[in-house]
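Okay, structure first, notes after.
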Amino acid sequence: MPYDIETIRKNIKKAVSGKHVDPDEFRPDKAKDSANPLKYRFFVLPPLKSGDVLKSGTVTQSMENFFIAHGDHWVNDRPHPCPRVWDGSDCDICNYGFELYKECKEKKLGDDRKKQIGQQWMPNTYYMVNIFFTNWKGNPEDLRGKVKYYNAPKTCLDKWMATLMRDDMGDSEDPDAYGVFFDENAAFCFELVAAKEGRNNGYKSSAFIKNNGIPVPMIMNEDRTPNKKQIEQLLKLRIDLFSKIELPDLAKISKLANVMINGDDGDTNNHNGGFDADETAIEAPEAEVTKKGQEKAPAASVATEAKKTGKPVQARTDAKKTVGKPTQPNDDDDIVTQLANESPLSDDSETSSESSNKDDDIDGDDIASLLSQLDE
Ligand SMILES: [Zn+2]
């Protein structure tokens with residue numbers, strides 16, 4: 001009898017942790033095998049400005065960029081906002097990680113050790129954006145035409161930046177997406193490709209739909225001009241990203257760092273075979289997080305747990321592990337369906353995307369080499 005142990009574990013974790021899943025957030029599903037990556041197509045929406053009127057209220061804080069960067073240390077299956085990533089403040093957990101890196105360098109230890117330090121002590125950094133899913137048939141039905149926020153990984157940001165830096169479509173034989181790809185009237189659609197990479201999703205094959213280097217309105221009329229009215233409605237569906245971010249708490253981070261450092265000599269081999277921390281750790285139900293942004297269980301509960309079990313507190317290494325499918329919001333379905341019907345990249349305009357589908361990997365490599373040039 002073929003039981004899917006991964007699914008069973010996931011469901012158990014979900015049931016026991018009672019974790020709050022924000023219906024506004026998009027989280028890609030986990031790719032099951034490397035041969036069949038998951039694909040999603042969406043537009044990144046323009047950044048919010050103070051005074052913008054959204055369906056949810058008036059925005060009070062402008063975004064500096066089209067994304068908001070924030071980081072989480074994952075400890076015992078729970079995110080702890082990193083002060084260093086947020087505003088450059090000292091972070092005791094990062095500091096310890098940097099010490100270990102230094103030691104690593106001095107002792108000329110290998111990449112495995114560096115990776116381990118990264119997983120255990122360094123935060124996951126996210127680049128939060130509003131996104132609008134197109135009506136493309138490859139998108140899961142419940143996402144088509146929806147606006148969500150997405151905590152994108154660095155891999156996506158790098159691709160977005162590379163595109164922003166391009167002034168034009170480049171070689172007319174092989175035109176590329178370029179410029180302000182999130183311009184609602186002249187945008188490029190992004191295809192997120194989630195492939196199985198080790199135990200996680202990897203996103204390096206993601207790329208813009210090049211569309212022969214021609215930007216499109218996010219919602220267009222039949223004559224392909226921007227549908228101003230619908231676009232205005234679309235922008236109102238954006239989510240005030242600042243309201244979704246939990247701010248770092250320096251005191252909690254210090255406390256947590258203490259527990260982590262004292263409970264762990266930093267030299268365990270959690271990641272070698274067998275069940276490791278995030279395979280087996282199940283959150284205690286009493287430590288339930290009710291809502292992002294609200295008071296979370298204090299770090300002390302981690303200490304208690306560590307004492308109880310006599311085991312060191314282990315940093316979570318796979319942030320996407322327990323990710324569930326986002327549940328569907330039901331309040332703005334009407335508008336959203338309307339938008340979905342009007343969305344420009346519907347199934348009959350596949351021609352531009354097919355060419356980029358067949359050489360995803362090549363696209364990825366191209367961008368990687370572009371990026372390395374940018375670094376120089
Ligand atoms: Zn940190």
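Subtracting the Cα-Cα distance of Ala35 and Lys228 from 0.36 nm times their residue separation leaves 65.4 nm of extension gain. If you average the alpha carbon positions of the range 136-152 and of the range 74-125, how far apart do those two centres end up, in angstrom? Measuring centre to centre over Cα atoms gives 32 Å. Return, ordered by residue number, the residues of the range 223-242 whose backbone nitrogen is under 18 Å from a label point located 7 Å along Cα→Cβ of Asn65. Inside the label zone: 241-242.
For the residue pairs Lys148/Lys244; Lys32/Lys159; Lys146/Lys236; Lys154/Lys204; Lys39/Lys159, alpha carbon separations beyond 18 Å are given by Lys32/Lys159. With a Förster radius of 41 Å applied to the C-beta separation of Asp90 and Glu141, the computed FRET efficiency comes to 0.35.
Where a number appears in this text, it was derived from the coordinates with a stated rule and is not lab data. Here the structure is a predicted model, which is why all the values come from computation and not from measurement. Counting neighbours? That spans all protein chains shown, and the Cβs are built from the backbone with ideal geometry, glycine included.
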